[in-house]
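Okay, structure first, notes after.
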Amino acid sequence: MNVWELIVYRNFEEGKILQDMAWVINRFREVPREESHREEIHLPGEDHSRDGQAGMLVQDAKEAAREKVYDCIHGLLELAEKYGFHGNLWHCYLTDLLVNHENSYSCACELRGAVEGTINQAALHDIAMFKDIYDYDFMPLCAWLEVPEFALVEQYEGSRQGSKMYNARICARICDLAERLRRNHTAQEMKDTLTEFYREYGVGKFGLHKSFRICRRQEQVRIEPIRNIAHVCLDDLVGYEIPKRKLTDNTDAFVEGRSANNCLLFGDAGTGKSSCIKAIANEYYEKGLRIIEIYRHQFQDLNQVISQIKNRNYKFILYMDDLSFEEFETEYKYLKAVIEGGLEKKPGNVLIYATSNRRHLIRENYRDKEEIRQDMHTSDTVQEKLSLANRFGVTIYFGAPDKKQFQQIVEVLAHRGGVGLSREELLAEANKWELSHGGLSGRSAQQFIDDLLGRGRCLT
């Protein structure tokens, strides 16, 4: 396999192991045959000086190949611990390259399946090369190089610590796909299997992960996955049925390609606004929804972020938590231009969801309403401050629970956690807790139950 002959699948981020093993395989196909040929043509009394020089070259190539193989074994074991792979690490590694490579073919197939056109021939050419290296028998190579340790990567048992980069769900998908690709008999079958994976799960970081954050590296804006997200469901949020329904109705319309609005979740602290966003990240992942968390100081990067996602087949929600501005802060102007008002049309696969304790987002003062003030155009100032909130077509209010609702939340959470206190004792303790821990809210109820479970004195 000559990796430089690949057409579509090129420039892998972690492709060094592939390049080194391809070099070793190509050398092995030539050197041993030359070595055995020389042994066959040697005759008594002949001058073997040139053969000796050739033998030294073969030995040098052999030592270089052995070094590369040991480097590859090391690299595969490191990847296994990093990603949680098990079984045949060589196959898992190749599979990981294929499912993470974002190119013209894989991105066209993500969430849509097979595509038509010449690109299929180019993709099949590359998959055929991968098929050859997938099926390569390393036993003769390792015997000639005297590297029996390669067997370690062909039947690898992973540690119980799990993956540092992938969660168990992603790791299982890649290992399962590696086995399915191994069972394919032809390059076309292998291509069809891979295409089906792209259709079902997507490709690259957006295909494997649910949520992301924005990072700047060397003046470049990068979208990087959040590898551990709280597994929250909307049903975990006790009460707030009407706000949750408004949120899911808007999100359903979005992922199904119907008209949907930017959404503002506002209201009292600790009422579950951020938890709702985490929940939809989990519940709509299989439908192609991805969440990108962006902070206020990153609003100037919004255009670059959108340029990276606007042509993908996923639906993206740009999530802004605890959104609010003081009078002197002007970052909101970037956000206004992105939501509505710029010349470029906002992509149909992007929405903005924000949470805030303020309905109007920008701090207002009574002096904004005064008749006599330095600003000659009072109404203009007020409209400027209201214009950002008005760009959210759906606004959902989350109010603090009353005493009865708070006690209901405590009871439900206590039942889920296995708290064994009587109802009277539980509610009495909860009332004491909320008086000194932020008042009536779902957050204080959860903190109260966590405290009980942490002390471990009241489990059923």
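The values are calculated or read from the model by the stated rules, or taken from the named source; none is laboratory data. Owing to the predicted nature of the structure, the values given are computational and were not obtained by experimental measurement. Because the Cβ atoms are built from the backbone with ideal geometry, glycine has one as well, and the counts that use them run over all protein chains shown. Note: areas computed on protein heavy atoms with side chains; ligands, DNA, RNA excluded. Shrake-Rupley method; radii C 1.70, N 1.55, O 1.52, S 1.80 Å.
Peptides 185-194, 85-94, 214-223, 430-439: what's the order by average Cβ count within 10 Å, highest mean first?
Result, highest mean first: 85-94, 185-194, 430-439, 214-223.
For ASP322, enumerate residues with amide H under 5 Å from its amide H, sequence gap 5+ or separate chain, H modeled in the peptide plane.
Under 5 Å from the amide H of ASP322: THR355, SER356.
Which links in LYS246/LYS345; LYS205/LYS244; LYS62/LYS191; LYS62/LYS131; LYS210/LYS336; LYS287/LYS336 stretch past 30 Å when you go from one Cα to the other?
LYS62/LYS191
For region 227-318, what ratio Rg/Rh do Cα atoms give with a Kirkwood hydrodynamic radius?
A ratio of 0.96.
Tell me, what HN-Hα J-couplings in whole Hz come from the Karplus equation 6.51 cos²θ - 1.76 cosθ + 1.60 at θ = phi - 60° for each residue of region 7-17, using x for Gly and Pro?
Each residue of region 7-17 in turn: 9, 9, 8, 10, 6, 5, 5, 10, x, 4, 4 Hz.
Check each of the trypsin sites (Lys or Arg not before Pro) in region 87-181 and keep only those in coil by DSSP with at most 16 other C-beta atoms within 10 angstrom; list them in order.
On the way: sites: ARG112, LYS131, ARG160, LYS164, ARG169, ARG173, ARG180; in loops: ARG112, ARG160, LYS164.
Listed in order of number, the matching sites are ARG112, ARG160, LYS164.
Pop out the ³J(HN,Hα) list for region 441-456 in order, Karplus 6.51 cos²θ - 1.76 cosθ + 1.60 with θ = phi - 60°, rounded to Hz; leave Gly and Pro as x.
My calculation for region 441-456 gives 6, x, 5, 5, 5, 5, 5, 5, 5, 4, 5, 5, 5, x, 6, x Hz in order.
Would you mind checking which residues have amide H under 5 Å from ILE352's amide H? H placed 1.01 Å from N; only 5 or more apart, or other chain.
Excluding prolines and chain starts, which carry no amide H, the hits are ASN262, CYS263, LEU318.
Which Cα, out of GLY207, VAL221, VAL232, lies furthest along the positive dipole direction of region 199-238 (beta carbon charges, K/R +1, D/E -1)?
VAL221
Looking at the P(r) of region 133-229, how many percent of alpha-carbon pairs lie beyond 20 Å?
58
Given the C-alpha centroids of region 213-235 and region 417-454, what is the distance between them in whole angstrom?
Computed from Cα coordinates, the inter-centre distance equals 32 Å.
Taking region 223-329, which chymotrypsin sites (Phe, Trp or Tyr not before Pro) meet the DSSP loop condition and have no more than 12 other C-beta atoms within 10 Å?
For chymotrypsin sites (Phe, Trp or Tyr not before Pro) across region 223-329 that sit outside H, G, I, E and B with at most 12 neighbouring Cβ atoms in 10 Å, the list reads PHE328.
Quick one: putting +1 on the C-beta of Lys and Arg, -1 on the C-beta of Asp and Glu, what dipole do you get for region 134-242 around its Cα centre, in Debye to the nearest 20?
620
Which residues' amide hydrogens lie under 5 Å from the amide hydrogen of PHE398, considering only partners 5 or more residues apart or on another chain, with H built in the peptide plane?
PHE266, GLY267, ASP268
State the Cα centre-to-centre distance between region 237-264 and region 185-210 in whole Å.
Region 237-264 and region 185-210 have Cα centres spaced 30 Å from each other.
Looking at the square roots a ≥ b ≥ c of the eigenvalues of the Cα gyration tensor of region 52-204, which shape do they give, rounded for a/c under 1.5, prolate if a/b is larger than b/c, or oblate?
Here region 52-204 falls in the oblate category.
Between ARG423 and ASN311, what is the label-point separation in nm under the 7 Å Cα-to-beta-carbon projection?
Reported label-point gap for ASN311 and ARG423 is 6.1 nm.
Could you bin all the Cα-Cα distances of region 413-460 into 10 Å bins starting at 0 and give me the percent of pairs in each, rounded to whole numbers?
So the P(r) values, bin by bin, are 29, 61, 11.
Give me the 1.4 Å probe accessible area per residue for region 123-199, excluding ligands and nucleic acids, in Å².
53
Can you run phi through the Karplus equation (6.51, -1.76, 1.60; θ = phi - 60°) for region 137-153 and list ³J(HN,Hα) in whole Hz, with x for Gly and Pro?
Each residue of region 137-153 in turn: 8, 7, 4, x, 4, 5, 5, 5, 7, 6, 10, x, 5, 4, 4, 4, 8 Hz.
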